[in-house]
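The values are calculated or read from the model by the stated rules, or taken from the named source; none is laboratory data. Since we're looking at a predicted model, the values are computed, not measured. Glycine gets a Cβ as well: all are built from the backbone with ideal geometry, and neighbour counts include every protein chain shown.
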Protein chains: 6
Amino acid sequence: MLIHLVNPNTTASMTAKARAAAETVAGPGTRILATESAHGPASIEGPYDAAFAVPPMLARIAEADAAGADAHVIACFDDTGLDAARALTTKPVLGIGEAGFHVAAMVAETFSVVTTLGRAVPTISANLVRYGLATRCARVRAAEVPVLALEEPGSEACDRISQEIARALTEDGAQAIVLGCAGMTDLARRLSHIHGVPVIDGVAAAVTLAEALVRLGLKTSKIGGWAPPLAKSMTGPYGEG
Amino acid sequence: MLIHLVNPNTTASMTAKARAAAETVAGPGTRILATESAHGPASIEGPYDAAFAVPPMLARIAEADAAGADAHVIACFDDTGLDAARALTTKPVLGIGEAGFHVAAMVAETFSVVTTLGRAVPTISANLVRYGLATRCARVRAAEVPVLALEEPGSEACDRISQEIARALTEDGAQAIVLGCAGMTDLARRLSHIHGVPVIDGVAAAVTLAEALVRLGLKTSKIGGWAPPLAKSMTGPYGEG
Amino acid sequence: MLIHLVNPNTTASMTAKARAAAETVAGPGTRILATESAHGPASIEGPYDAAFAVPPMLARIAEADAAGADAHVIACFDDTGLDAARALTTKPVLGIGEAGFHVAAMVAETFSVVTTLGRAVPTISANLVRYGLATRCARVRAAEVPVLALEEPGSEACDRISQEIARALTEDGAQAIVLGCAGMTDLARRLSHIHGVPVIDGVAAAVTLAEALVRLGLKTSKIGGWAPPLAKSMTGPYGEG
Amino acid sequence: MLIHLVNPNTTASMTAKARAAAETVAGPGTRILATESAHGPASIEGPYDAAFAVPPMLARIAEADAAGADAHVIACFDDTGLDAARALTTKPVLGIGEAGFHVAAMVAETFSVVTTLGRAVPTISANLVRYGLATRCARVRAAEVPVLALEEPGSEACDRISQEIARALTEDGAQAIVLGCAGMTDLARRLSHIHGVPVIDGVAAAVTLAEALVRLGLKTSKIGGWAPPLAKSMTGPYGEG
Amino acid sequence: MLIHLVNPNTTASMTAKARAAAETVAGPGTRILATESAHGPASIEGPYDAAFAVPPMLARIAEADAAGADAHVIACFDDTGLDAARALTTKPVLGIGEAGFHVAAMVAETFSVVTTLGRAVPTISANLVRYGLATRCARVRAAEVPVLALEEPGSEACDRISQEIARALTEDGAQAIVLGCAGMTDLARRLSHIHGVPVIDGVAAAVTLAEALVRLGLKTSKIGGWAPPLAKSMTGPYGEG
Amino acid sequence: MLIHLVNPNTTASMTAKARAAAETVAGPGTRILATESAHGPASIEGPYDAAFAVPPMLARIAEADAAGADAHVIACFDDTGLDAARALTTKPVLGIGEAGFHVAAMVAETFSVVTTLGRAVPTISANLVRYGLATRCARVRAAEVPVLALEEPGSEACDRISQEIARALTEDGAQAIVLGCAGMTDLARRLSHIHGVPVIDGVAAAVTLAEALVRLGLKTSKIGGWAPPLAKSMTGPYGEG
């Protein structure tokens, strides 16, 4: 089984970290194809960045489909471009935010999300509402750590995230934590050990759920919003998209 | 007052029709700057098309800002790129879907939406939930009319839409109708006359609401998801975006 | 265009203040007809006061209809008598609470309301649920300022409201504020300047939205609860109502 | 125990019918004081009628309080003036709509409401949302029977209501029916027998629930919207209210 | 009228206390048949205990039915086994949690629940959502008092509960309190007196509501999930159940 | 990895069918331990049956824990006893209803459930609300096929289910179908082929999700309702439970 893990920003160190997380949890016989977008923003912090990240990410998905991918994972916690990707390919596609929420809902009645910046909160909250799982989420919190700070050795990012988890457990009544950024993927087990509750990394969650969907033989339903794109004039740099 | 009306697809006849609708309702002293995207899809029918429409649309918004626009209207009923646009500019931005829903909620307890294709329904439904107005919407219906058929003289598009409105009134208990496509902007008054209920065109609705926001001296809140984009590496065709 | 602004209590200084707010934002060619109820309570602080305010307010709406009003604005943040008014007239009617919520939802993902007394909170909260916009409102707060204190020069009312706004921004995650009383209409711009977020006055909001509905040629739907009153025996002081 | 049953319209035959329903279910030692408003509309069919019904109804509640009533029941399915009444008196007050919904929720997972006219549906629906019990209600249906037709011997009103109940059971999946008008109070047992499901009359339901509240020694909470009216200038026909 | 009050745990002192509460509020002519389960857990603190409490409780309900009970009250705030009981008998069945929520909703716009242990909160919260009354509940709080501590004279249980009520009134905006355990039944009037708000005991609430349902002649609807059990092989200790 | 699949009824042919479904999708290295309850009902059709099924099922879970199970799957679509099981063991536990809903939500925006009998609908609907995924479910439908008819070769059960699926696609706008009974596990692929949409079997779904949770190293959160049972007197046939 070949799982395509696409990092929709251009920062290769994030891709490498996500690949490592994916390989740790993947079952026997599962291979990970990890890519990042060829161009676009170096990190996705809000809807403006996301707008420019989607077209190059869709190119990666088309390439991976051609290379035989059985499923795709979008390694950005905003689930950037998830609808467009599901329209593009017949293979299952999972966002890491979506995956983290589903997994949390299977091990805890109520969870909180700890993400990077406050500006990311509204998109995550809106996604939770759309997926239905907002009723399971006590609160979406921001540790006020920029995405790329997670790539810097020795930054105080992990400490801040840990402090925010402590607040979530005390103030929100959360029973589990979902880490709200692909760049936090290496922190989950350590933070779970410190706090004594399930701490869920969306990358790992999405990879195992993608394997589940492939084993189940399921594909994205093509009735409705994820129907294949209609043929039409498409001009500009992505005209061949 | 200068209102920028951007058609995020590349079909100039739709831009012209939207401009005409805008000018009909604009107050004294309001000028309409109507643009369409320089490239991208000829129509937006689903999230894949939308993905490629957003970057060139954002370019138009930046240009119109520089030209002194007081507010922006996105003339696609999916409210394509609305979050990114609100992050980009400090001026008010309205989507025509959003505007249609708000206006309908001021003249009817319950409304239905009649859009083009079934594949558009999930995005519209998700927007309604996010805006909060899903509780006011009885049903989102598709007349199964392709977007560009609305541009063809003599097509049966208007008849099909009228039949779907009749069903909405009978089956949904709708008290008003929101037309779910920018290309339907010229049909609203006629259909309202036929059916004896308010029939709302999102383009006209958005223009008058944009005027309201400008007169109120209000700007988009920059706390949260619509905060200005952070400076970062942005490569590729929109690297200057 | 003639907009009728009715203050449903009997305090003329509130009417004058609301008229001033209305005239500041009205477009060219819009005239404001400002009235207050001929009798009833001096202020509306809870549902008991509201019960006695509605019949005389409806009389003002009927008179203004006869005088050629194109739309009506009810200048009480509880939207007192809004349903009855919409049944009475075919012209658009807006409550200032409703208008404030809609406008806030166009410039902020999440807003808080700051009203006068705690006893006003449940009605406002129930209105938000009914309108659908409760999902956009972080919290309805009371500054514990009586309505008529807003009419006293030199009272500390504005300070208390400003302090409550500060709490809303810190504690609720609000991105904008809706002022929850017609008597606060003169404070919006100053408070917006102090706090750096949109602060919305319902009176001004309702006047611009009423203008929008008139320009759009829309009338209240008469299917459902706002159907014209049925002819029947009506005795007592409002028997001619 | 003295239960005051107030009919907020002026039609004495409805009062008599409601009194009979109340006396049938009242426990030993409970007396029913049945009144109707001294003036106002002959029936309440929509929010305009309701506006004029509330002030005279509040007068009856004040009189009954003085006469030693232990609780009040408002015998209009719209729960007209319920908030104002709860502010006026410290004794428990129940609306017959509210009571019917609560009782239905104790004997059925899902119920439908069958009311008189379509124009009554939005108020009933909004009440259900406010009370929280909208999630238990499959649908609010109108049999299109005017309120006063229920007072005419030999009318086909009961047949129409029975047919609408049949539709509710077939189409809505309703497990019980709430009759949506005080004037239907004499029909509940017969319709329950015909259809083999619980058919709930709000008048009888409210009387037994009022008895329950009195036995429990409970009074309306005076924190919040039902706080006692504040002293203030109140002019006009209800100035002494 | 004979009301069967079943304590689904095996602690006879709780049964006695519940019986006393029931007899205090029961109307003239109502007799209380109080039972506890013949075996099972000594207290119900979480879903594991509840699983073992239900079969013996159902046996008590069958016995009481045979003895002529007109209605049943389940005296555990989790409403343990309520669905199974409603399927077993045609007589009305009320849970004390359910009853407490309904009664609170008739005297307060918003209430909080104060229960024993934090582990009880999720079940109570889920019940509130299912019943529809979650929208009326500000918060479910735990005083961290074990159930059986309520049976020990001189314990500090009542003090802790009182402190938690004080927090609910200050922090939650609650207008009334529902006591969240059958073992608190003797505390309601005292705590209501101390805090000046309605404090509701579910046992007393359920008994009066059960009387109401019996007087109304209503039985549980047998359409849907509460249909009588189907005949089938049932082996094991409850094979005769 | 050892996955324990427990059938909470006593019908061994259902266990065998569920085991076959599980083994078809399990990954390399996963072993399935399939058990059924030692006693209790032959099928679970409603909450009364469920009450007697839970204690013996919990015994199987304790035994499987002792035998080294890494996760448990409850093979009844009502998710019978899920909370009690999660309290009992530290290992992940999944219900097949829950699993089916989560998987459906990953491949379709909107799904319908097709279950056996109408009496099963309310429990499934309530579960959907509690899990949060009710917003993704268009409708829960019953094919009116008794559970054990699914075990009879040559019954028309599959045809009826297929007809109900056809109605779900036409009438509900469903984009995928979840089969609502463990006994339907062998039908999913055939029905998916016939109808051209994802048709999801909860047993297979739960097994792959259980594998995912094990690979992720996650355990059920023990904060809240799934905390380990407290030591206490437990008498009767399950006194050792």
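Side notes on the structure shown:
- Of the residues contained in region F:166-180, one or more are found to be in contact with a Leu (Cβ under 7 Å, 6 or more places away or on another chain) and away from every other protein chain (no Cβ under 11 Å).
- Candidates B:A182, B:A168, B:A157, B:A149 - the one that is at pLDDT 95 or above and of a type in the set (A, V, I, L, M, F, W, C): B:A168
- Qualifying residue in region B:133-140 (condition: under 26 Å from C:A205 (Cα atoms), within 17 Å of the chain's Cα centre (by Cα) and of a type in the set (K, R)): no
- The residues in region C:124-133 that are more than 10 Å from chain D (Cβ to nearest Cβ) and farther than 21 Å from C:S221 by Cβ can be counted, and the count is 1.
- Matching residues in region A:25-53 - criterion: being out of contact with any Lys or Arg (no Cβ under 9 Å at 6 or more places or on another chain) and within 21 Å of A:L187 (Cα to Cα): A:I44
- Residue within region B:15-24 that is more than 13 Å from chain A (Cβ to nearest Cβ), assigned to a helix (DSSP H, G or I), out of contact with any strand residue (DSSP E or B) (no Cβ under 9 Å at 6 or more places or on another chain) and without any contact (Cβ under 8 Å) to a residue 24 or more places away in the chain present: no
- If the condition is being touching a residue at least 24 places away in the same chain (Cβ under 8 Å) and part of a helix (DSSP H, G or I), then region A:88-111 contributes A:L88, A:I96, A:G97, A:E98, A:A99, A:G100, A:F101, A:H102, A:V103, A:A104, A:A105, A:V107.
- Scanning region F:70-87 for residues that are buried (at least 23 other Cβ atoms within 10 Å of the Cβ) and in a loop (DSSP other than H, G, I, E, B), we see that the one that is nearest to the other protein chains (Cβ to nearest Cβ) is F:G81.
- Taken as a whole, the condition of being out of contact with any helix residue (DSSP H, G or I) (no Cβ under 6 Å at 6 or more places or on another chain), under 29 Å from D:L216 (Cα atoms) and part of a helix (DSSP H, G or I) applies to D:A64.
- Among the conditions (1) crowded, with 19+ Cβ neighbours inside 10 Å; (2) out of contact with any strand residue (DSSP E or B) (no Cβ under 9 Å at 6 or more places or on another chain); (3) not aliphatic (A, V, I, L, M), the only one that F:G196 does not satisfy is (1).
- Scanning region A:112-123 for residues that are among the aliphatic types (A, V, I, L, M), buried (at least 24 other Cβ atoms within 10 Å of the Cβ) and either facing another protein chain (nearest Cβ under 8 Å) or not in a strand (DSSP E or B) (or both) yields a single hit, A:A120.
- Selection status of E:V121, under 16 Å from the mean Cα position of the chain (by Cα), of a type in the set (A, V, I, L, M) and within 18 Å of E:A206 (Cα to Cα): no
- For A:T110, the conditions (1) closer than 18 Å to A:S125 by Cα; (2) under 14 Å from the mean Cα position of the chain (by Cα); (3) of a type in the set (V, I, T) are fulfilled apart from (2).
- Some residue of region F:155-175 being within 22 Å of E:R130 (Cβ to Cβ) and not assigned by TED's automatic domain parsing to the domain that holds F:P28: no
- Only residues that are within 11 Å of another protein chain (Cβ to nearest Cβ), under 19 Å from E:L33 (Cβ atoms) and under 16 Å from the mean Cα position of the chain (by Cα) were counted in region E:46-60, giving 3.
- Subset of region A:143-161 (residues that are without any contact (Cβ under 8 Å) to a residue 60 or more places away in the chain and over 20 Å from A:A205 (Cβ atoms)): A:E144, A:V145, A:A149, A:E152, A:P153, A:G154, A:S155, A:E156, A:A157, A:D159, A:R160
- Residues of region F:182-236 that are in contact (Cβ under 8 Å) with a residue 24 or more places away in the chain, within 14 Å of chain E (Cβ to nearest Cβ) and more than 21 Å from the chain's Cα centre (by Cα): F:K222, F:A227, F:P228, F:P229.
- Failed item, numbered, when C:H4 is tested on (1) surrounded by fewer than 23 Cβ atoms within 10 Å (Cβ to Cβ); (2) under 13 Å from the mean Cα position of the chain (by Cα): (1)
- Taken over region A:173-192, residues that are surrounded by fewer than 17 Cβ atoms within 10 Å (Cβ to Cβ) and either closer than 18 Å to A:A120 by Cβ or among the small types (G, A, S) (or both) amount to 0.
Okay, residues lined up against (1) closer than 28 Å to F:A227 by Cβ; (2) modelled with pLDDT under 95; (3) crowded, with 23+ Cβ neighbours inside 10 Å:
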site	(1), (2), (3)
E:A22	no, no, yes
E:A26	no, no, no
E:I32	no, no, no
E:A42	yes, no, no
E:D49	yes, no, yes
E:A53	yes, no, yes
E:E63	no, no, no
E:A67	no, no, no
